[in-house]
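Below: one structure, written as structure tokens.
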Amino acid sequence: MDFLIAVGSTICEYTVDAVAGQLGHIYHYKRNVDNLKSQIQRLEGEKARMQHSIEEAGRNGEEIEGAVEEWMNEVTWTIEKAHDEFFRDEDYAMPLCSSKMFPNLVSRRRLSMIANSLAETAGDEMQRANTLIQKVSYRVPLQSAAIEMTKGSYMIFQSRTPIFNGIMEALRNPDVKMIGVYGMGGIGKTMLAKEVARKAVEDDEFKKTVFVTVSHTPDLHKIQKEIANQLGLKFGETVDDKYVRAKRLSQQLGREKKMLLVIDDIWEKLDLYGAGITFRNGENDCKILLTSRFRNVVCDAMDAHPNFCVEDLCFDEAKDLFDKIVGDQSIKNPAIQALEIKIVKECAGLPIALETVANALKKKDYPIWSNALQELRRSAPTNIEGMKKNVYCSMKLSYDFLGSEEAKSLLLICSLLPEDKEIETEILLKYVMGLPELFQGITNLEEARNRVLTLVDILKASSLLLNVDSRMDTTKMHDVVRDVVIFIGSEKHNMFRLRKAVELEDNKKLKVATAISLPNFEDDAHQLPKKLEFPQLMFFHICNPSLQKAPNFQIPNYFFEATKELQVLNLTSVCLKPLPSSFEFLENLHTLFLNWCEIEDVALIGELRNLKILDLAYSKIGNLPGQIGQLTRLRLLDLSYCSKLEVIECNVISNLVHLEELYMFGSFTRWDIEEGNSGRRNACLMELKDLSRLTTLHLHIPDVNVMPKESFTMNLERYDILIGEGPTYLDDSFAHTKQASRKLELTELNISRVPERRGLEALLKRSVVLNLYGSTGVNNVIHELNGDCFPELMHLSIVNNDEMQYIINSMDQRYHSQNAFFPSLETLQLENVKKLEKIWHGELLTNSFVRLRVVKVKDCERLKNLLSSSSVRGIEEIEVINCKMMSEIVTYGREDVHPHIILAKIEFPHLRSLILKSSPNLAHFPFSKLEATFSGHRKEEEPLLDVNSPLPFFYPMVALPSLKDLKLSNLNSEKLLPDHPPENFNMQNLTNLKIHGCNSLKYLLSFSMATNIVQIEHLEVRECSVMEDVLAINDKERMVKKELLPNLKSLVLDNLPNLGRFCSKRSWGEFSSLARLRINNCPKLEIEDSIWKLPQLQRLILKRINVAQKAMWNCQYEIDHEGLNEDDQEHAGIFPCLKFLILVELTDRLMDTREKNYHSAGRAFQNLKYLFVFQGQTLKNLVPAFQALRFLVVSKCHGMEYLLTPSTAKSLTQLRTMVIEKCERMIQIIADYNRSQTEEGTEIVFDRLEELALVNLQNLRNFYSGNCVMRFPNLKRLIFEYCPQIVSFCEGNISTPKLKKLILYIDADGDGDIVYDNVMEFDFDKDGVLLFDDCEFSSFPMQQLEEGDINAATRKLWLNNQG
């Protein structure tokens, strides 16, 4: 019973509670709804407050916390729920039931429950709001502000691509932590760095990039704060202690992963560790990229590696940048187009100058463009908007930042020298010696030389001077830097660079001048003032580059009378017959240049007693008189290449007691024999013994007998001495271009007599360069020339020797030295040493040839091998030419070493260039007889050698990791490279491959090999008679989707009679990087349609090939426009980038108008600039629009009756030169037989044509016979040769405002061409401009235009021919 009572009680309890709860919802309905309204109102207030915080964060550029955004979404849902659902249903709950007498209890209960739940939710959300409001947002890293700006705006330049790729490669290298980029101001370092940073994140190389600029006034606090901001780190306003900031920044950077920090525009060493810019460990994959104007800052002070130098843009790139900024509208005017080219050249490839000038000229008219060009040429373009602020101020900062006043002075001197020429440090040395006030504390020439080299290095490191290759002795100056420095010199230092002699009349400006230069003086001599009235002048330079045109150019007699303070005088290419008498007033002159001058008598120079430097190089001086001996303070005398100098009066040289350097190479050779000879007229070599300070000597002694036995015993530090008659140079292929401090050449000399002259023996022992040309009496170089084994010799050349059997013969019983042979030798060159069998005979001592880098042998018909296996590791260049018995390059000591040990891998780690020509016994590289030697040690599973296949010329185990240039000629191997190279085989850096006359090769590369040597850029195959494929690919390999030779830019196929395909099974169009293609005399070669779509092809030469009548020739290229946007369609078509085209002896029609569906204008050859067509027998005319064509030559096209239609002629708006010659059937140049393309009164305008040549056109009657008006606004030269039938130039009106004369070209044999006969080898300048553009015809006979009318002159010419 108790149990039942308990159960019943529990049931009642739960039942009552449940019923009570449900009744409570109904009973407390109004209270619940009122509570909900209150909570929702409070929640809406919290939401508004949170929204205000969110908006404030947005204004501060901060990102909203995810939890806050989530809260806002939930709160919005809660409020909308209360308003939309609850209050809408509340209205339903208020009415009575259907009887209209009682409330709707069911609705009230449901809504009361919802109100209660929403009220609780609102309360919870308000509590969360109190927490979230404390941190609504966070600061966004600011990297995108600096980096994202380059996206889409960065312009890719081909010259910068290797640098960009190099930086990206360095960023991927785990061993690289800091990379440096340097270059002159405004060159584009910052944009490059930003693009690198953007691409690095885009490619997922880094997760984050931080970009900070330092500038020339670094603010450590600002730098730290900027990095911290981009990392989202707050220092707080109270953190003033730099060490605290550094610690916190270092801690934050230590936590970062895969971050790239770009520190831009560093001017001096930045203490990264002290600033807290350190990643603490090398495990977080973070790196630093530095940019600076100063090489020494990134390389030395910051110790970055690797480092990349950014140089100026080439002309085409500069013009593209300029065009992009000014837009098409600005350059549609042809007159502006001509100005644009000149303006772009004045900007000299400097991006900041190009951008500034282009922005200033955008949408401007011709007068403003013309004024801009004149200002740029005057080196003071301050009236060009933005030029002073963006360019000049930027460059001046670099100048002002130089810590050395002497460096500034040297830079000012460089700005006065001729532009666009290399500046030799030896020239600067002579200027420095002449200006002791500017360069103090110098006591001798060696000190001056070291000072100059140091200053030049400072200026190069500051990007104010530029490198010329890797030469320390030469530099150059950027045009824009020169302009800025000229401006600084004129404004601050009274140093003036003038363009014309008339400017010397400006006494008001020049009265205070300290330096004046006329480096390109081309005025008449009478335009010089009679006297220079510049009392403070210390430096004067005048150069007449046109001495041959103005041989009588002379300096006025009283010119220097008022320049008594002059210290440096340079007169180049002027006539000094006689010397101006005012020379006697130059009592303070220290340096005198008279180079390339016409001089009769230099006796007056002897009065210049303070002269230190006298440079007469290349001048036509015949006599050095006794008065020159009065120059007892002279330190340097340069008589180099004074070819007419036959007399140096005796004792002149010996009296120059302070002389330190004497240069006479290519000059005086008539040395007298003995000083005591009373009848002696000329100087003798014994006089040199009196020059106790002489350290440098350059001279030629034709007769060894004039040398005293004790000559050259003085301690010369530098010398270049040629002894003997005969050639003074070696074959070009062996010419050594590096300057050496001590060089000795012995020609046609009996070496056995050397010991008789101890001075010569001393020179031999100390020589760095030794050339033996045709010398006799030497069989063992070591024993007979230098028993000490030439410890200092670095370069040895032996040419034309009929006696020498060994260079070294350690078996010679007379040789007992234990010294290493040639321990310093770097270059060994041997030519025509007929009996030479070995370079060494006997044992090589340790450290012999240890520094050997270059070995070149030619015409050494008995030489069998070249190197020992121990000497190959340092070799960089090998050249073997026409050595008939050469069988191996390397001997590897078969006697005492197991071959399989050596042959596992044969490595030449540093070999960069390998040239092997006309050596028929050379069957393999690097040694012979591998098959017999190696087969007994080869494992069966090792696929190095296939006994059933011919061995390749290069053995499979050869590793040439540094090889870039490979040239092979006249070798008999059936296979050049292994078909399936093993892992050890390495030619991964091969860039240039040239094969010539290898008549056993059926193919050049297998598929596997072609995928192995992917860096090839230039490939040349010539005269291989049996070659069928260059790249041999089978059907299986064809299916492999792998790009072959992806970097191939230049391809030459020449005289390959059996070549059927370049690449079997592959399309020409796959070689997407190909820019130059030349095919000559390959009659079986299949040329497919895809060749015309090569996207990067710029130069194409086709000669003596059979071309099917397909797309190119008829201009019927099918373009699939589906899927292409308008820009892609515009650049689709035939040869989109082709600029240069030569077609010779093609057998098919070219662009025949009989084909109706030829390519529309603008689709074919749209960028073609140079077109040459030779011996096109079936060619009828040219059809496509050539809107970019500049140079047109058509020759020996005997099927052609006319060249152009009027519509084609109208498209030639850029044409500058047209040459038509030897077309037998040519009747007229422009023809419109059906009159369909022209109406009377319309014009044909050759707007930019400057030169027109019509040569040997026997049936030509006129240039044009139609109705159009002909205009040639810029025609300057019209050349006729043997056009006997021409009656008039054209039928209608013609305008030639600039043409004054006809040029009558006369060829003696009637068979010559105006253009070069060998059109296959045209040269281009650095800007890609054909050098023929500047051809001069001034020497040809001319005829004055009759009445200024070209038609009248043509008729007279015809009448003369008839007569």
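The values are calculated or read from the model by the stated rules, or taken from the named source; none is laboratory data. Just so you know, these numbers come straight off a predicted model, no measurement behind them. Every residue, glycine among them, receives a Cβ derived from its backbone with ideal geometry; neighbour counts consider all protein chains shown. Heads up: the accessible areas ignore ligands, DNA and RNA and are worked out on the full protein's heavy atoms, side chains in. Shrake-Rupley method; radii C 1.70, N 1.55, O 1.52, S 1.80 Å.
Just a few scattered comments:
Residues are listed down the side, and each one gets a yes or a no for (1) farther than 22 Å from V958 by Cβ; (2) touching a Leu at 6+ places or on another chain (Cβ under 9 Å):
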site	(1), (2)
I995	no, yes
K1002	no, no
Q1015	no, yes
L1051	yes, yes
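- Tally, over region 343-375, of residues that are farther than 24 Å from M395 by Cα and either of a type in the set (A, V, I, L, M, F, W, C) or touching a Lys or Arg at 6+ places or on another chain (Cβ under 6 Å) (or both): 1
- Selected residue (only one of L586, L614, L608, L631 is among the hydrophobic types (A, V, I, L, M, F, W, C) and in contact with a strand residue (DSSP E or B) (Cβ under 6 Å, 6 or more places away or on another chain)): L614
- Selection from region 208-248 of residues that are open to solvent by less than 20 Å² (accessible area, probe 1.4 Å), over 30 Å from G403 (Cβ atoms) and in a helix (DSSP H, G or I): A228, Q230, L231
- Elements of type helices (runs of 4 or more DSSP H) contained in region 358-426, each with 3 or more residues being closer than 16 Å to F487 by Cβ and modelled with pLDDT of 90 or more: 405-415
- The single condition among (1) of a type in the set (S, T, N, Q); (2) modelled with pLDDT under 90; (3) crowded, with 18+ Cβ neighbours inside 10 Å that S741 does not satisfy is (3).
- Inclusion of L253 among residues that are open to solvent by less than 10 Å² (accessible area, probe 1.4 Å), at negative phi and over 36 Å from the mean Cα position of the chain (by Cα) is warranted.
- Some residue of region 656-663 being of a type in the set (S, T, Y), open to solvent by less than 10 Å² (accessible area, probe 1.4 Å) and in contact with a strand residue (DSSP E or B) (Cβ under 8 Å, 6 or more places away or on another chain): no
Condition check ((1) at pLDDT 85 or above; (2) over 22 Å from P909 (Cα atoms); (3) open to solvent by 50 Å² or more (accessible area, probe 1.4 Å)) across all residues:
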{"site": "N992", "(1), (2), (3)": "yes, no, no"}
{"site": "E1028", "(1), (2), (3)": "yes, yes, yes"}
{"site": "L1056", "(1), (2), (3)": "yes, yes, no"}
{"site": "C1063", "(1), (2), (3)": "no, yes, no"}
{"site": "E1070", "(1), (2), (3)": "no, yes, yes"}
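- Tally, over region 43-75, of residues that are among the basic types (K, R) and surrounded by fewer than 14 Cβ atoms within 10 Å (Cβ to Cβ): 2
- Selected residue [out of contact with any Gly (no Cβ under 7 Å at 6 or more places or on another chain), open to solvent by less than 60 Å² (accessible area, probe 1.4 Å) and farther than 22 Å from F539 by Cα] from K460, K430, K388: K460
- Just one of the listed residues (S928, S949, S935, S969) is among the small types (G, A, S) and modelled with pLDDT of 85 or more, and it is S969.
- Counted residues, region 576-606 - those being under 41 Å from the mean Cα position of the chain (by Cα) and outside any loop (DSSP other than H, G, I, E, B): 4
- Residue in region 271-292 that is under 26 Å from L1138 (Cβ atoms) and open to solvent by less than 70 Å² (accessible area, probe 1.4 Å) present: no
- Lone unmet requirement of (1) more than 30 Å from D400 (Cα to Cα); (2) open to solvent by 10 Å² or more (accessible area, probe 1.4 Å); (3) assigned to a helix (DSSP H, G or I) for E205: (3)
- Of M168, M191, all but one fail to be touching a residue at least 12 places away in the same chain (Cβ under 8 Å), on the phi < 0 side of the Ramachandran plot and open to solvent by less than 40 Å² (accessible area, probe 1.4 Å); the exception is M168.
- Subset of region 118-152 [modelled with pLDDT under 80, surrounded by fewer than 19 Cβ atoms within 10 Å (Cβ to Cβ) and in a helix (DSSP H, G or I)]: S144, A145, E148, M149
Per-residue answers, yes or no, for (1) acidic (D, E); (2) assigned to a helix (DSSP H, G or I); (3) surrounded by 21 or more Cβ atoms within 10 Å (Cβ to Cβ); (4) modelled with pLDDT under 85:
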{"position": "Q1177", "(1), (2), (3), (4)": "no, no, no, yes"}
{"position": "F1186", "(1), (2), (3), (4)": "no, no, yes, yes"}
{"position": "L1189", "(1), (2), (3), (4)": "no, no, yes, no"}
{"position": "V1193", "(1), (2), (3), (4)": "no, no, yes, no"}
{"position": "H1198", "(1), (2), (3), (4)": "no, no, no, no"}
{"position": "L1203", "(1), (2), (3), (4)": "no, no, yes, no"}
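- Verdict on V468 being in contact (Cβ under 8 Å) with a residue 40 or more places away in the chain, out of contact with any helix residue (DSSP H, G or I) (no Cβ under 7 Å at 6 or more places or on another chain) and among the β-branched types (V, I, T): yes
- Residue among L903, L852, L828, L867 that alone is modelled with pLDDT of 80 or more and either charged (D, E, K, R) or touching a helix residue (DSSP H, G or I) at 6+ places or on another chain (Cβ under 7 Å) (or both): L852
- Assessment of region 462-479 against the conditions (basic (K, R) and assigned to a helix (DSSP H, G or I)) yields no matching residue.
- Failed condition for G1292, given (1) in contact with a Cys (Cβ under 7 Å, 6 or more places away or on another chain); (2) modelled with pLDDT of 85 or more: (2)
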